Every structure is written in structure tokens, then in C-alpha cells.
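What follows is calculated from the coordinates using simple rules that are stated; it is not laboratory data. Computed from a prediction, not measured in an experiment: that's the story for all the values here. Glycine also receives a Cβ, built like all others from the backbone with ideal geometry; neighbour counts cover every protein chain displayed.
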Amino acid sequence: MARAAAARLITKVVDAQAARGSASVVLTGGRNGNGLLAALAESPARDAVDWAHLDLWWGDERFLPDGDPERNVTQAREALLDKVPLDPRRVHAMAPSDGGFGSDVEAAAAEYAAELAAAAAAEDHVHVPAFDVLMLGVGPDTHVASLFPEHPATREAVRTVVGVHGSPKPPPTRISLTFPAIRAAREVWLLAAGEDKAGAVALALSAPGEIQAPASGAYGRSRTLWLLDRAAAAKLPAQLYPAASS
């Protein structure tokens with residue numbers, strides 16, 4: 001799944017750069033997100049991407065000190081970012097807990113929202129760029145980004161970025177995009193691999209509601225794509241995916 005998703009992402013970024021001169025992608029962390037980045041780093045096609053004209057954002061971040069191995073940006077740098085010629089000014093990491101905002105996660109979230117708004121074009125639907133691809137890993141509880149079932153952030157309808165407190169998955173304090181920001185993307189890709197994700201995938205695709213199953217509320221303006229391996233798709237009706245998929 002990681003290799004197939006990486007190949008698809010390369011094609012999408014190259015097409016966007018051919019059309020507009022640059023591309024914008026939102027990265028996700030976790031097992032599946034980092035697996036995709038590692039596969040992209042190993043792909044012989046990676047040099048087709050104009051890395052200097054690629055903006056990278058994050059869907060969420062663990063509010064930990066800079067360089068902490070559990071931060072999504074730290075893991076992304078290890079998997080891919082330090083291996084390709086990116087423009088550092090176009091790598092938009094969320095603030096760490098030892099940065100200029102200290103322990104004020106709400107201020108850090110507001111700063112990221114302001115950075116997104118500054119990068120948005122006049123024609124963009126909300127105060128975020130129209131991301132070409134926004135990737136999200138799907139948790140076993142159906143969470144995406146740091147939007148967890150029944151948590152207040154799932155009800156946010158105005159702000160594009162929020163501080164998350166009391167996350168059921170450690171660490172408890174995080175920064176996350178909200179549904180308004182996610183749904184501004186041209187395409188949203190949801191990644192899930194492994195049998196531990198099968199129940200979450202089946203639940204999210206049964207349309208239970210985004211507060212109870214946040215993955216069901218993540219969709220793009222032009223396309224929503226679920227990228228699954230066989231194990232993660234095991235509880236879906238067979239007609240929902242091609243027989244030859246893996």
C-alpha cells in the first residue's frame with residue numbers, strides 16, 4: 001500500500017506542478033504515513049518531483065519539544081525530507097512545545113492558522129490553501145489527524161487549526177487541522193493498512209457521522225480516495241473495491 005500510494009502521490013505532484021508551477025501537500029504521520037514517505041524516498045521516480053516548488057504542511061502534530069522523536073516532522077525528516085532538495089521556507093512545520101509560544105498550544109495553533117491563511121489564494125474556499133493532496137492516516141478508533149471520536153475538535157466549524165487537549169492517544173496535547181481545513185483540499189487521501197484498521201475502515205464507510213467516526217467526515221472538494229491493503233479492507237463488502245486490489 002505504501003509503495004502504491006507513493007507512486008500515486010508522485011504522479012499527482014508532478015501533474016500539479018506542470019499545471020500551476022508548484023504543488024501543495026499535507027502530510028500525515030503514524031505507521032502508514034511514514035511508510036509512504038519511506039517508500040517515496042526509495043522510489044526511482046522521486047526525482048520527477050520538483051522538490052524546490054513543493055509546499056509541505058501537516059494535518060496534525062504532537063505538541064512536544066523540537067526534535068522529539070515522536071513529533072511527526074521529526075519522523076518525516078528521517079523518512080524523506082532530509083533526503084530531497086526541499087526549500088526550507090516551504091516546509092511548514094507546526095510549532096513545538098519549546099518554541100516561541102511555550103506551553104500555549106492554543107497560541108501555537110492560531111499561529112499555524114495564520115500561516116495557512118497567508119498562503120491561501122483569494123479564490124480559496126476557506127482561509128487555507130487549496131491543497132492538491134491532503135493525506136490522513138486512519139486510527140483504529142476512526143480518528144484522523146488529531147480529531148478523535150466525541151472530542152470537541154470534531155465540532156469545530158470555524159477555526160482551521162485547534163489545540164487538542166486530553167487526547168486518548170499520547171501525548172495528550174496536540175495541534176490539529178479541523179474539518180473546515182481538511183475539506184478545503186482538492187483531494188483527501190485516507191490511508192489504512194493492517195487488520196487492526198479493518199473495523200475502523202468499515203465503520204467510517206458506513207456513514208455513522210463525523211463526531212462518532214471522524215474519518216467519515218474527511219473528504220475533498222474534488223475527490224476522496226481510500227488507500228487500503230487487503231487486511232484493512234477485510235470487513236468491507238467486496239463490491240466496494242476492485243477484486244484485483246491489494
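Observations on the structure shown:
- Simple point charges give the picture: +1 on the Cβ of Lys and Arg, -1 on the Cβ of Asp and Glu, and for the range 88-165 a dipole about the Cα centre of about 120 debye.
- For the pair residue 150 and residue 221, label points projected 7 Å from Cα toward Cβ lie 3.5 nm apart.
- Projecting the Cα positions of 51, 213, 236 onto the charge dipole of the chain (unit charges on Cβ atoms of Lys, Arg, Asp and Glu, taken about the Cα centre) puts 236 furthest along the positive direction.
- Size of charge dipole - the range 65-124 - debye, nearest 20, with Cβ of Lys, Arg +1 and Asp, Glu -1, no other charges: 280 debye
- Annotation: aspartates and glutamates with alpha-carbon distance below 14 angstrom to residue 235 (same-chain offsets under eight excluded): 195, 196.
- For the range 108-246, a crude dipole built from +1 on the beta carbon of Lys and Arg and -1 on the beta carbon of Asp and Glu, taken about the Cα centre, is about 220 debye to the nearest 20.
- Charge tally for residue 224 (other residues, Cβ to Cβ under 10 Å; Lys, Arg +1; Asp, Glu -1): +2.
- The chain - mean residue ellipticity at 222 nm from DSSP helices (-39,500 (n - 2.57) per run, n ≥ 4, rounded to 500): -8000 deg cm²/dmol
- For the range 54-187, the alpha-carbon radius of gyration amounts to 1.00 times the rule-of-thumb value 2.2 N^0.38 Å expected for a compact globular protein.
- 22 Å Cα-Cα reach of residue 169 towards lysines, excluding residues that sit fewer than 8 places from it in its own chain: 197
- Selection from 227, 81, 127 lying farthest towards where the dipole of the chain points positive, charges on Cβ: 227
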